[in-house]
Amino acid sequence: MPTVLAVSAHDPRGAGCHADVRTGEALGIPVIAVPTALTVQAPEVVDLRPVEPDYLEEALNRYLPHVDAVKLGAFPDVETAEVAVNALEGFEGPVVLDPVVEASAGGSLCDDDPDDVVGTLVEAATVITPNAEELARIAGRRVRTDLEAELAAREITEEDDLTGVLVTGIPYPKVDLWVPAEGEPVAFDVPEGEGAHASGCVLATALACIGASRGVVDEEVVERALMFAREAVSGSLKDPFGPVSSPASRIRRHAALTEAVRDVERAVRVIDGDPDFADAVPQVGINVVRVFDPDSGVEGVVGLSGRIVLEGGVPRAVGRPVPGGSSHVARLVLKAHELDPSVRGGLNIRFDPGFVEAARRLGFEVASFDREREPEGVSTMEWCVEHVYERVGFVPDVIYDEGGPGKEPMIRILGGSAVEAVSKAEAVVKGR
């Protein structure tokens with residue numbers, strides 16, 4: 001298994017060494033992290049303390065013979081930068097430099113002239129990952145467009161014998177640009193959304209980790225690293241000072257998705273083949289859902305790709321649990337979850353006054369809405385939950401309506417999970 005050596009500052013908030021190690025863990029690549037400085041960032045840099053050069057030299061000499069790629073991050077001064085460059089002489093694997101000299105929230109990460117520090121480190125790099133501002137500083141020219149970024153990156157690539165330059169945060173158009181030493185540049189569209197602390201660290205370390213497996217950083221490595229880094233930003237966690245990129249977001253999402261799929265599978269098995277549920281299947285069928293990633297909208301909700309329908313008078317599940325498998329019930333449960341985070345599961349069943357009365361007898365909170373009062377241009381499922389919530393002050397267990405022109409009357413049942421919602425439905429159906 002390849003191993004990466006990450007040499008960067010220590011940031012208690014999760015950038016630098018912390019981000020390097022977490023990125024490696026998420027990618028399944030061991031990362032040995034050596035600090036260049038201790039910092040206090042809250043959120044701006046309020047303290048910077050370089051490590052002793054002899055400590056850094058000893059650490060690099062010990063670890064470098066055993067790794068396949070290196071990531072260089074923030075260095076506090078020229079002296080520590082020179083130690084790294086000297087230690088890397090003769091190293092044959094990819095060396096990815098994140099030329100960060102200032103924290104995104106403000107404050108310098110260099111005691112010496114930043115240009116001198118970065119200029120020293122570039123001597124040892126094979127790939128650098130500057131944002132547009134950092135590239136402009138390194139190249140000594142304006143970088144506002146993709147063409148200007150390409151020209152500046154070409155100059156640096158040729159001058160410093162680099163494999164390539166990955167430029168992030170180009171304003172016009174809003175793209176990230178990979179400029180290889182040989183071949184045409186490749187632009188990657190940047191998704192909408194806010195940035196997060198440690199995003200640059202995660203990207204550079206991901207390049208080193210994925211590049212370590214291939215022995216080189218090329219277009220495929222860049223694409224995979226960008227995708228990983230963007231997932232880390234979109235799944236960022238908030239500390240008291242703001243959002244921090246989370247390399248483990250992919251793992252958390254996969255775990256949550258797996259749990260949601262299993263939850264829906266268990267819930268569907270309760271209904272599938274049970275003749276007692278036959279009278280509860282509406283014309284549109286039943287869908288059972290579970291929210292696992294509310295920030296992703298309908299795609300963050302697992303539902304059946306088909307429906308539970310009647311076959312020979314018996315409920316049968318058609319399709320399988322998948323993200324985005326439901327639209328109507330998914331939107332209902334998403335809105336309910338937004339108003340009450342304990343709600344994560346739900347389903348729809350046929351409207352029957354006997355089911356409504358059974359729900360009340362069982363002690364469930366029941367509320368209804370009138371489709372004729374629905375404003376034009378709104379999502380029925382989202383509006384009905386908000387409407388009921390505003391009227392009763394909470395998200396009830398059961399929300400029903402008696403239909404309207406071209407609209408089938410329906411009962412929706414909510415719960416903390418898909419299994420819980422279906423358990424409530426089972427009690428209602430069998431308690432009628």
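The table below lists the values:
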| item | result |
| --- | --- |
| Sorted by Cβ density within 10 Å, fewest first, the residues Tyr389, Tyr400 | Tyr389, Tyr400 |
| Helix axis angle, 380-392 relative to the chain longest principal axis, alpha carbon, degrees | 80 degrees |
| Global form of the chain, assessed from the alpha-carbon gyration tensor, a/c cut-off 1.5 | prolate |
| Sorted by Cβ neighbour density within 10 Å, fewest at the top, the residues Trp178, Trp383 | Trp383, Trp178 |
| Rounded to 5, percent antiparallel among DSSP beta bridges of the chain | 65 percent |
| Charge context of Asp276, other residues only, Cβ under 9 angstrom, K/R +1, D/E -1 | -2 |
| Order of Asp401, Asp295 under a 10 Å beta carbon neighbour criterion, fewest first | Asp295, Asp401 |
| Angle between the chain longest axis and helix 249-271 axis [Cα atoms, degrees, rounded to 10] | 20 degrees |
| Rounded tilt (10° steps) of 328-339 against the dominant C-alpha axis of the chain | 70 degrees |
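Every read-out reported here was derived from the displayed coordinates using simple, explicitly stated rules and does not represent laboratory data. If you're wondering where the values come from, they're calculated on a predicted model, not measured in any experiment. Glycine gets a Cβ as well: all are built from the backbone with ideal geometry, and neighbour counts include every protein chain shown.
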